[in-house]
Amino acid sequence: MIVAITGTPGTGKTSLSEALRSKGYRTIDVGEFARDRKLYSSIDERRGSLEVDPQELDEALQGELPDGTVFLVGHLSHLLTVDTIIVLRCRPSILSQRLSGRKWKEEKIKENVEAEALDVILIEALDGEAEVFEIDTTTLGIEEAAKAVEDILAGEKKKYAVGHVDWSGEVLDWF
């Protein structure tokens with residue numbers, strides 16, 4: 001089974017990946033994979049990110065995936081060929097604090113907070129064939145988030161079904 005762990009930057013993908021790896025799961029950081037294999041066409045200097053063709057990335061990954069459950073981790077992972085997609089979510093006001101703590105530029109913080117508020121990654125994930133789930137990491141510790149992933153793999157679908165995360169109340173407070 002191939003599982004995408006995706007979400008806006010700052011939602012906890014890297015930390016969750018480390019927790020899953022410590023439990024014996026296989027994880028692949030898709031950004032690192034793309035960098036290591038030079039699967040990018042350019043670097044977006046303004047955003048400080050790589051320009052990666054998801055189809056090219058997908059083709060390269062498919063040839064190297066081990067058997068069994070594998071987690072593909074990164075904000076592009078939901079665009080790849082996977083069986084299940086888990087979108088990590090975080091309340092926009094908390095996400096802003098997390099990204100500020102990384103010393104990101106205000107423009108980049110705003111872009112990512114808006115993307116989270118507007119469900120950009122969730123909507124992209126729903127456009128594919130894979131089953132999609134959401135985990136709100138706003139107040140979860142990393143072990144709790146890892147447990148939520150294991151619950152999803154064990155069949156807990158209702159608790160993490162798409163639609164239970166809603167930032168519209170917070171967004172309305174912006175005006």
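The values are calculated or read from the model by the stated rules, or taken from the named source; none is laboratory data. Note that the coordinates shown come from a computational prediction; the quantities given were computed from them, not determined experimentally. So basically every Cβ, Gly included, is an ideal-geometry build from the backbone, and we count neighbours across all protein chains shown. Ligands, DNA and RNA are excluded from the accessible area calculation, which covers all protein heavy atoms including side chains. Shrake-Rupley method; radii C 1.70, N 1.55, O 1.52, S 1.80 Å.
Scanning for something touching a Cys at 6+ places or on another chain (Cβ under 9 Å) and open to solvent by 40 Å² or more (accessible area, probe 1.4 Å), does region 74-82 turn up at least one residue?
Taking region 74-82 as the starting set, the residues that turn out to be touching a Cys at 6+ places or on another chain (Cβ under 9 Å) are none.
Looking through region 74-82, none of the residues is touching a Cys at 6+ places or on another chain (Cβ under 9 Å) and open to solvent by 40 Å² or more (accessible area, probe 1.4 Å).
Limited to region 112-132, what total is found for residues that are closer than 28 Å to Ser100 by Cβ and either of a type outside the set (S, T, N, Q) or surrounded by fewer than 20 Cβ atoms within 10 Å (Cβ to Cβ) (or both)? Steps first, answer last, please.
Let us first name the residues in region 112-132 that are closer than 28 Å to Ser100 by Cβ, namely 112-125.
Right, trim to either of a type outside the set (S, T, N, Q) or surrounded by fewer than 20 Cβ atoms within 10 Å (Cβ to Cβ) (or both) and you get 113-125.
Number of matching residues: 13.
Out of region 131-163, which residues are under 17 Å from the mean Cα position of the chain (by Cα) and part of a loop (DSSP other than H, G, I, E, B)?
Filtering region 131-163 down to residues under 17 Å from the mean Cα position of the chain (by Cα) leaves 131-150, 152-153, 160-163.
Result: Thr137, Thr138, Thr139, Leu140, Gly141, Tyr160, Val162, Gly163.
For the structure I just gave you, tell me whether Ser77 is within 12 Å of the chain's Cα centre (by Cα) and polar (S, T, N, Q).
yes
Quick one: which of Ala145, Ala154 is among the hydrophobic types (A, V, I, L, M, F, W, C) and open to solvent by less than 40 Å² (accessible area, probe 1.4 Å)?
On the way: Ala154 fails: open to solvent by less than 40 Å² (accessible area, probe 1.4 Å).
Of the residues listed, the single one that is among the hydrophobic types (A, V, I, L, M, F, W, C) and open to solvent by less than 40 Å² (accessible area, probe 1.4 Å) is Ala145.
If you check every pair at least six apart or on different chains, which have Cβ atoms under 6 Å apart with a residue in region 92-121 that is modelled with pLDDT of 90 or more and part of a helix (DSSP H, G or I) first and a residue that is aliphatic (A, V, I, L, M) and open to solvent by 20 Å² or more (accessible area, probe 1.4 Å) second?
Ala117/Val171
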